[in-house]
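For reference, the structure is listed below as structure tokens.
Throughout, read-outs are computed from the coordinates displayed, never taken from laboratory work. Predicted, not measured: the structure shown is a model, and the values here were computed from it. Virtual Cβ from ideal backbone geometry, glycine too; neighbours counted across all protein chains shown.
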Amino acid sequence: MADNTTAKKRPELLAPAGDLEGVRTALRYGANAIYLGGPFMQLRAEKVGFTEETLAEAADLIHSCGAKLNVTVNSFAINSEIPLLGDYARRLKDLGADALIVSDIGAIAEIKEKCPEIAVHVSTQANTMNYRACEVYWNMGASRVVLARELTLEQIREINEKKPGGLELESFVHGSMCMAYSGRCIMSAYLTGRSANRGGCAQSCRWNYYLMEEKRPGEYFPVFEDEKGFTIMSSKDLCAIAFLDQLEEAGIVSFKIEGRMRTPYSIGTTVNAYRMMLDGRCTLEEARQELETSSHRPFSTGFYFGDPNQVATDSDGYIRDWLFVGSAAEDAKDGYATILTRNAFSVGDEITAVSPGYPGRPFTLTEIFDEEGNSIERSSHPMKLVRINAPEWLREGDLLRRRSDRQ
């Protein structure tokens with residue numbers, strides 16, 4: 001007799017991408033969905049905005065892997081942009097977008113009126129903090145809300161209990177957090193003329209600051225948070241790898257990783273760690289060790305367990321203990337593989353390879369050959385093809401790292 005019991009659907013793992021390489025990497029390491037920006041209102045620097053042509057290519061690739069494509073349209077709209085949104089939403093739908101991530105309430109209304117068939121996910125920039133707001137967005141036609149990052153697990157549970165039944169909830173689980181409420185910051189606009197709410201954040205909160213007394217212009221006095229410097233406005237990074245089960249129990253159906261401007265290495269290792277954890281393919285300690293290998297600020301649990309201590313602890317706010325040295329351009333064969341270089345490495349280095357579904361696996365580099373087949377001791381130029389000794393399990397697309405020279 002057939003079992004008609006419906007298995008509980010596991011949360012999706014939603015990964016960022018700033019270019020097609022990022023898309024391929026996120027898919028290879030296990031993302032169920034990708035979010036990226038198009039050419040209009042995408043709230044990130046232009047360099048991570050896809051053209052309509054590359055967006056269509058990304059959509060085909062994403063759908064061929066059984067994943068979904070979410071496109072960000074999450075800048076806060078000005079009057080002249082509202083009439084453009086209907087046609088833009090229809091073009092994105094035709095290009096293959098499964099959903100649009102939108103912040104502005106007027107933009108949501110315009111998109112759903114002019115292109116009702118496209119799914120709308122309410123961006124975290126809308127800072128949705130309660131079930132009544134969720135109900136309003138549901139009545140406007142939104143199918144998902146990306147909750148404000150300032151919510152606790154208990155508050156999320158209550159929202160889930162009281163929201164409309166068909167509305168999905170999404171939350172960030174990893175990456176940079178803004179020092180301002182739900183990212184609504186005017187610091188960059190004030191200091192540089194580049195508005196964070198229009199996609200131009202200069203990350204002014206990460207800068208180093210000094211004190212100047214008004215009658216002593218040009219005399220700068222250091223302000224010490226500790227012996228390593230003053231970074232009190234630089235928030236820690238979010239890392240929820242240890243309590244994904246609690247987020248799922250609270251009602252979150254999509255685990256979102258921040259970072260459309262991050263490198264393919266950062267995207268790949270982060271997605272891989274969360275994928276392994278969700279699938280039970282590694283221990284918590286192994287997952288944490290993998291996350292430590294990507295450049296990051298000190299980790300925090302964010303607001304999920306209450307107000308966090310957000311003071312950074314190292315001199316520039318970042319931990320960079322590992323260096324991305326390249327990616328495999330082919331499967332290893334007969335003990336060798338060609339790799340596309342990114343940073344310098346030398347004979348004698350211990351290289352760690354990251355394969356989908358595995359924590360990093362080390363091997364010692366004993367041979368390097370340049371593009372002409374000459375044996376060399378060190379590769380120091382990025383984006384070159386070199387041949388190295390490699391374990392038989394190394395596969396095309398695997399990411400390679402080594403310990404940083406700073407160690």
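Quick notes
- Cβ crowding within 10 Å averaged over residues, with 327-337, 371-381 ranked highest first: 327-337, 371-381
- Compared with the direct C-alpha span, the chain from ILE105 to ASN79 gains 8.1 nm at full extension, assuming 0.36 nm per residue.
- Simple rule: put +1 on each Lys or Arg Cβ and -1 on each Asp or Glu Cβ in region 322-403, find the dipole, and look at LEU399, TRP322, PRO382; the Cα lying farthest toward the positive end is TRP322.
- Taken along the Cα-to-beta-carbon direction at a fixed 7 Å, the label points for ASP331 and TYR318 span 3.6 nm.
- Between the beta carbons of ASN374 and LYS9, assuming R0 = 56 Å, the FRET efficiency works out to 0.55 to the nearest 0.05.
- FRET efficiency estimate (nearest 0.05) - Cβ-Cβ, ASP279 to GLU350, R0 45 angstrom: 0.95
- Chain lengthening between THR54 and TRP393 when straightened (0.36 nm per residue, less Cα-Cα): 118.8 nm
- Ranked by the mean number of other Cβ atoms within 10 Å per residue, highest first, peptides 11-22, 338-349 order as 11-22, 338-349.
- Computed 3J(HN,Hα) for region 386-392, one whole-Hz value per residue from the Karplus formula 6.51 cos²θ - 1.76 cosθ + 1.60 where θ = phi - 60°, is 10, 10, 9, 5, 8, x, 5, glycine and proline marked x.
- Cross-link pairs beyond the 19 Å C-alpha cut-off, checked among LYS93/LYS256; LYS162/LYS256; LYS93/LYS114; LYS68/LYS256: LYS93/LYS256; LYS162/LYS256
- Computed from phi, the 3J(HN,Hα) profile of region 340-350 under the Karplus parametrisation 6.51, -1.76, 1.60 (θ = phi - 60°) reads 8, 6, 10, 9, 5, 7, 9, 4, x, 5, 8 Hz, with x in place of Gly and Pro.
- Under a 5 Å amide H cut-off, with hydrogens placed 1.01 Å from N, GLY37 pairs with PHE50, THR72 among residues at least 5 apart or on other chains.
- Per-bin percent of Cα-Cα distances, region 322-403 [10 Å]: 21, 62, 17, 1
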